[in-house]
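Below is one structure, written out as structure tokens, with a few remarks after it.
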Amino acid sequence: MSAALIIVEPSENSYKDIQEALIFAEPGDVVRLTGGTFVIEDGLSLDIPGVKIEGEGMDASILEFSNQKSGAQGLLVTSDNVTLQDFAVVNAKGDAIKSKGANNISFIRVKTEWTGGPNTTNGAYGLYPVESENILIDDCVAIGASDAGIYVGQSINIIVKNSFVKHNVAGIEIENSFYADVYGNLAEENTGGILVFDLPDLPQQGGHHVRVFNNKVINNNTPNFAPEGNIVGEVPSGSGIMVMANSHVEVFENRIENNGTTGIAVVSYADDYEDKSYYPHPRSIQIHNNEYINNGKNPDVESNELAKLLFELSNGEMPDIFWDGVVPISQMVFGQNQEDKMIIDEDGSPTIITLDPIKYILPLLDPVKRDINEFSGNIKPLKAVELNEVL
Amino acid sequence: MKFFKSFFLIISLLSIPLTAINKQAHIEGKFFSKLSDYHFFKDLTNQIPVDEVLPYQLQSELFSDYTHKQRFVYVPPTMKVPHEKNKVFMFPVGSVLIKTFSYQNTISELAPQLLETRLLIHSEGGWKAVSYIWNEDQSEAYLSLVGGTIQTSFSDKNGNIISVRYKAPNKNQCKECHQINASLTPIGPKARNMNLTLYYDGKPQNQLAKWHDLGWIDQDIDFMKMINYSSFNENIGDRARAYLEINCAHCHIPGGAADTTGLYLMLEETNKKSLGFYKKPVAAGKASFNLKYSIVPKKPNQSILLRRMESMDPGIMMPESGRALKHTEGIEVISEWINSL
């Protein structure tokens, strides 16, 4: 069986032309989108493994969904060994590109954008792989998502690199996932730059082994425009990097600059949950060799409870690094397990605030601690993610 | 004598491929290009099935833009249809489920309109789903792997003419709803959703009893009670759960297309959080309507689940596919239920 090249040009029937190509494609085939704007009214989907969809460039081959009438996303991929490259999905009514249960999926030089700027009515996610293994997102652009520009959820083995995320609520979000490397990205003018979250009551939880390094996380001060009810709606504007309820997260060699609330926040999941197997506190977090420039100078005290609390506790001196200090009650009394403790090894003496939860609960005691040396220790680097061939 | 006998035998053998159901094709999972090629119907346009094809009905059915649905099942001769509690009947290889969508337009000047006939074929390689779209003169339906958009009008129960952009699903969309884990499966024909009386040759008989008479199923099969959600005499909780089961649970089930949300709406689900009670959305985006929970007891307007049923925005609406109109009656059931909690 020899691979075919199927070329699709913009036409009056762009949806039908592309969808037919995606349905009749065989493994190994390439569906080529020529340059131009494809006006699409219904959500597209690919379910054939081993197919590549490629355009002539993210600014040349545009799938335009402003008139979308059906489909919860612009493009849905549900097959393995798929590559998407060199095209854009613009103004989808829901998510832009979702892949579910699609192993070995690569997004290369793909752009997703809502062109009207940050807006609550924009779709939730730009690039949205979920429940997948072996995900590569390389050299992509995601702009304007009302949740996360690049969102990887409930997945295993993930690389997100060299991408540009702007004007999203979360620039890049790794959620309930295992083994992720996030590096070489520019996260600029989002509400929060890069988030590593774990949430309860989901099929895959207990996120762990995530490395966030060599990124530029700059000016993430866009007011939070997520619709309420979504977890990212609780992220303060001005957040650089935020780690919630994950274990084994290594944040290093990032440039974290001009984020108005705080550079790095490490927090517990604060809401109630039913799932007894869920662990709401961050563990084994390592922070080292980052560069901190001018963070915490414009905290989101007007609209965000967490920022407001931190502002009050710190007397207005917002830190580069914040840890909420919340641990299980037994550990409040007897101390954390050695291997669970956060380790910070920074050269530039960033400011830090952590809270003593016992003092926080009791009246008249100052719960704020500012001693970074409390977290000194030897960094144990996590292994690099290697994407496996899954066949 | 002998001569005549073999002569007739030859004639009858020859006639089999012309009129009989082609079991081998089903087993191989082949799709014919025309619906008539399957020989399921004596009268295609009037949807009169051949003797081997049995009509069936469901208590509660999926809302599909107010279309009327006629359902038929073909089971290869002498085969059994095993049953497992709470599961879809395990139709043997070679079986076919047939469902025709139409607007009957009984109380208007509009002519009745057949839209599409969907087949679920149980081949050796598993279930395969495919749609046939009817032609304009309603004489034939043609294979459509890429689906289709049918812009049309129909008359509702009050005789109002409603315009609709009806979507026949493409192959991938069939799978989105019919897939659990890696395999395709039927959705509707569960014993609990088929415990009702039909007329067979004018005689009333319980559908499951009929299937027993045909030798398909055992007499005493165990199933949960499920009712018709349209039935006003029933308890609102039972109506709502029946509605969610048949309209939502094919995706909102572990292994289904919406399992990433942790919102599970099967009839047998008992965990209130999984059912949406005070459950936060996971990846809803603007579909949260700035609300906190899927279901807030006594507060339908604050329940995301209901708001998404009411929406017509493709980025918000539930179900994600299969409807281009609001299901007013379904919204009423769920609203009344949430109010009653």
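Before moving on, here are some points about what is shown:
- Exactly one residue among B:283, B:249, B:287 is within 14 Å of chain A (Cβ to nearest Cβ) and assigned to a loop (DSSP other than H, G, I, E, B), and that residue is B:283.
- Meets criteria (crowded, with 23+ Cβ neighbours inside 10 Å and in contact with a strand residue (DSSP E or B) (Cβ under 8 Å, 6 or more places away or on another chain)) for residue B:255: no
- Residue count for the range B:157-176, restricted to those that are surrounded by 15 or more Cβ atoms within 10 Å (Cβ to Cβ) and either away from chain A (no Cβ under 14 Å) or touching a Gly at 6+ places or on another chain (Cβ under 7 Å) (or both): 5
- Residue check, residue B:315 within 24 Å of residue A:176 (Cα to Cα) and surrounded by 23 or more Cβ atoms within 10 Å (Cβ to Cβ): yes
- Single residue of the range B:103-156 satisfying the filter (of a type in the set (S, T, N, Q) and in contact (Cβ under 8 Å) with a residue 60 or more places away in the chain) that is surrounded by the fewest Cβ atoms within 10 Å (Cβ to Cβ): B:139
- Any hit, the range A:125-132, residues being in a strand (DSSP E or B), within 18 Å of residue A:217 (Cα to Cα) and either more than 14 Å from chain B (Cβ to nearest Cβ) or over 11 Å from the mean Cα position of the chain (by Cα) (or both): no
- Of the criteria (1) surrounded by fewer than 19 Cβ atoms within 10 Å (Cβ to Cβ); (2) within 26 Å of residue B:55 (Cβ to Cβ); (3) at the interface with chain A (Cβ under 10 Å from one of its Cβ atoms), which one residue B:230 fails: (3)
- Selected residue [among the aromatic types (Phe, Trp, Tyr) and part of a strand (DSSP E or B)] from A:279, A:292, A:273, A:269: A:292
- Selection count where residues are part of a strand (DSSP E or B) and at positive phi, scope the range A:253-266: 0
- Qualifying residue in the range A:16-23 (condition: assigned to a loop (DSSP other than H, G, I, E, B) and either in contact with a strand residue (DSSP E or B) (Cβ under 6 Å, 6 or more places away or on another chain) or over 20 Å from residue B:169 (Cβ atoms) (or both)): no
- Residue count for the range B:147-156 satisfying the condition of being in a loop (DSSP other than H, G, I, E, B) and within 14 Å of chain A (Cβ to nearest Cβ): 1.
- Residue list for the range B:290-327, restricted to those being in a loop (DSSP other than H, G, I, E, B), touching a residue at least 24 places away in the same chain (Cβ under 8 Å) and farther than 23 Å from residue B:163 by Cα: B:294, B:296, B:297, B:298, B:299
- Search result, residues across the range A:101-124 that are within 25 Å of residue A:67 (Cβ to Cβ) and either surrounded by fewer than 22 Cβ atoms within 10 Å (Cβ to Cβ) or within 14 Å of chain B (Cβ to nearest Cβ) (or both): A:112, A:114, A:115, A:116, A:117, A:118, A:119, A:120, A:121, A:122, A:123, A:124
- Check on residue A:385, among the aliphatic types (A, V, I, L, M), closer than 20 Å to residue A:282 by Cα and assigned to a loop (DSSP other than H, G, I, E, B): no
- Residues of the range A:298-322 classified as outside any loop (DSSP other than H, G, I, E, B) and surrounded by fewer than 24 Cβ atoms within 10 Å (Cβ to Cβ), total: 7
- Residue in the range A:278-294 that is farther than 28 Å from residue A:345 by Cβ and modelled with pLDDT of 90 or more present: yes
- Where residue B:263 falls short, out of the listed (1) within 8 Å of chain A (Cβ to nearest Cβ); (2) within 22 Å of residue A:204 (Cα to Cα); (3) crowded, with 19+ Cβ neighbours inside 10 Å: (1)
- Residue match in the range B:198-213 (condition: in contact (Cβ under 8 Å) with a residue 12 or more places away in the chain, on the phi < 0 side of the Ramachandran plot, crowded, with 19+ Cβ neighbours inside 10 Å and part of a strand (DSSP E or B)): no
- Which numbered condition residue A:319 misses (of (1) under 25 Å from the mean Cα position of the chain (by Cα); (2) within 18 Å of residue A:256 (Cα to Cα); (3) at pLDDT below 90): (3)
- Exactly one residue out of A:259, A:220, A:295, A:246 is touching a Phe, Trp or Tyr at 6+ places or on another chain (Cβ under 8 Å) and surrounded by 24 or more Cβ atoms within 10 Å (Cβ to Cβ), and it is A:246.
- Some residue of the range A:176-186 being over 19 Å from residue A:156 (Cβ atoms) and in contact (Cβ under 8 Å) with a residue 40 or more places away in the chain: no
- Residue selected from the range A:134-177 under the condition charged (D, E, K, R) and crowded, with 24+ Cβ neighbours inside 10 Å, by the criterion nearest to residue A:115 (Cα to Cα): A:147
- Looking only at the range A:67-89, residues that are outside any loop (DSSP other than H, G, I, E, B) and either buried (at least 22 other Cβ atoms within 10 Å of the Cβ) or facing chain B (nearest Cβ under 10 Å) (or both) come to 12 in all.
- Residue A:50 within 24 Å of the chain's Cα centre (by Cα) and either more than 14 Å from every other protein chain (Cβ to nearest Cβ) or touching a residue at least 12 places away in the same chain (Cβ under 8 Å) (or both): no
- Residue A:99 being in contact with a helix residue (DSSP H, G or I) (Cβ under 6 Å, 6 or more places away or on another chain) and either in contact (Cβ under 8 Å) with a residue 40 or more places away in the chain or part of a strand (DSSP E or B) (or both): no
- Meets criteria (out of contact with any His (no Cβ under 6 Å at 6 or more places or on another chain), over 24 Å from residue A:87 (Cβ atoms) and not polar (S, T, N, Q)) for residue A:141: no
- Strands (runs of 3 or more DSSP E) wholly inside the range A:139-195 that include at least 2 residues being closer than 18 Å to residue A:257 by Cβ and under 11 Å from the mean Cα position of the chain (by Cα): A:170-175
Residue by residue, here is whether (1) away from chain B (no Cβ under 12 Å); (2) outside any strand (DSSP E or B); (3) closer than 19 Å to residue A:184 by Cβ holds:
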{"residue": "A:202", "(1), (2), (3)": "no, yes, no"}
{"residue": "A:210", "(1), (2), (3)": "yes, no, yes"}
{"residue": "A:220", "(1), (2), (3)": "yes, yes, yes"}
{"residue": "A:223", "(1), (2), (3)": "yes, yes, no"}
{"residue": "A:228", "(1), (2), (3)": "no, yes, no"}
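The values are calculated or read from the model by the stated rules, or taken from the named source; none is laboratory data. Given the structure is predicted, the values throughout are model-derived calculations rather than measurements. Please note: Cβ atoms are built from the backbone with ideal geometry, for glycine as well, and neighbour counts cover all protein chains shown.
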